[in-house]
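Structure first, commentary second.
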Amino acid sequence: MKLVRFGAAGAERPGIWVEATKAEPARIVDVRAMAFDIEDYDARFWRTCGAERLKGLLREKTLKTLPADGVRLGPPVARPRQIICLGKNYRDHAQEFDAKVPQHPVYFSKSPGSLCGPGDPIRLRPGMERVDGEAELALVIGRRARDIQEADALAHVAGYAVFNDVTDRDLQQSRLQWFFGKSADSFGPMGPWLVTRDEVKRPHALGIRQRVNGAVLQDSKTSKMIFRIEQVLADLSRVMTLEPGDVISTGTPGGIGSARRPPAVLHDGDVVECEIDGIGVLRNPVAMMYG
């Protein structure tokens, strides 16, 4: 299933994306209209309902749907408790970043307030002159994880989505930490949907790429991660409890714009596309905001 949240920003409703067929265009199942107790794809949903409940809704004879065309999609999960990201989890990106390949996973947090949906603008402010997009595979925790083993780790994943870890490189370097330069409003596009775990059989065998205005910047495979998803989840869970709804983004491959010569950083009017095979295409315009 492809889980979406649709509607105005801050007032999204949970839905299920139904792909277009020869007979009709794409539609969205209005989950809340069919099950009033499912208010959103939030921590409560994953603790008490989960994907199996949604599969039951899809088996009903009458689905309450609406045409998908023209409907805004928000981030596919409600604002999470935390977003945990990996730095330098692809060897080629580590080389272009500071040439230091980590021996252990490098974690940093990103503000949940940075999340935005597909189609929402990445908002630059005056003075943001070196901003990168970073294509990443993100996962959402579906079951509480504490002291788990690698062999059991993927069972705690609810699903996968495309994530763009937008970064202000000047802030990242001048402040000597990563959180501030990565947490601006709109610097966390995610979507267009959350693909449930059962439909992603091999999360480490997916093509991943980033395009800006149609030009390819990043083109790699998730098999090139230094630290695999199960390693990361087991490692994190030895220190902290991962709760349903938490988002973990697994790092970006090499090819970022600021590392190129000449640089290919984001500007007003650009369109950024982050794509992962079998997951989807996350497309966002870039807009300069004044005032």
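The values are calculated or read from the model by the stated rules, or taken from the named source; none is laboratory data. Because the structure is predicted, anything quoted here is derived from the model rather than measured. A quick note on method: Cβ atoms are made from the backbone with ideal geometry, for glycine too, and the neighbour counts reach across all protein chains shown.
Figures for the structure shown
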item	result
So residue 91, is it out of contact with any His (no Cβ under 6 Å at 6 or more places or on another chain) and in the same structural domain as residue 43 (by TED's automatic domain parsing)	no
Residue check, residue 148 under 17 Å from the mean Cα position of the chain (by Cα) and aliphatic (A, V, I, L, M)	no
Per-region count, the stretch 190-223, residues crowded, with 16+ Cβ neighbours inside 10 Å and under 17 Å from residue 257 (Cα atoms)	8
The listed residue being outside any helix (DSSP H, G or I), within 22 Å of the chain's Cα centre (by Cα) and surrounded by fewer than 22 Cβ atoms within 10 Å (Cβ to Cβ), out of 119, 127	119
Yes/no for residue 6 being among the aromatic types (Phe, Trp, Tyr) and in contact (Cβ under 8 Å) with a residue 24 or more places away in the chain	yes
Residue in the stretch 133-149 that is in contact with a helix residue (DSSP H, G or I) (Cβ under 8 Å, 6 or more places away or on another chain) and more than 24 Å from residue 196 (Cα to Cα) present	yes
The one condition in (1) surrounded by 21 or more Cβ atoms within 10 Å (Cβ to Cβ); (2) farther than 22 Å from residue 226 by Cβ that residue 143 fails to fulfil	(1)
Among the residues listed as 68, 78, the single one being more than 14 Å from the chain's Cα centre (by Cα), touching a residue at least 24 places away in the same chain (Cβ under 8 Å) and surrounded by 17 or more Cβ atoms within 10 Å (Cβ to Cβ)	68
Cβ-Cβ under 6 Å pairs, at least 6 apart or on other chains, the stretch 156-179 side under 18 Å from residue 233 (Cβ atoms), far side aromatic (Phe, Trp, Tyr) and crowded, with 19+ Cβ neighbours inside 10 Å	158/46
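Listed here are the residues, each with its yes/no results for (1) outside the structural domain of residue 156 (by TED's automatic domain parsing); (2) on the phi > 0 side of the Ramachandran plot; (3) surrounded by 17 or more Cβ atoms within 10 Å (Cβ to Cβ); (4) among the hydrophobic types (A, V, I, L, M, F, W, C).
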site: 239; (1), (2), (3), (4): no, no, no, yes
site: 252; (1), (2), (3), (4): no, no, yes, no
site: 262; (1), (2), (3), (4): no, no, no, no
site: 281; (1), (2), (3), (4): no, no, no, yes
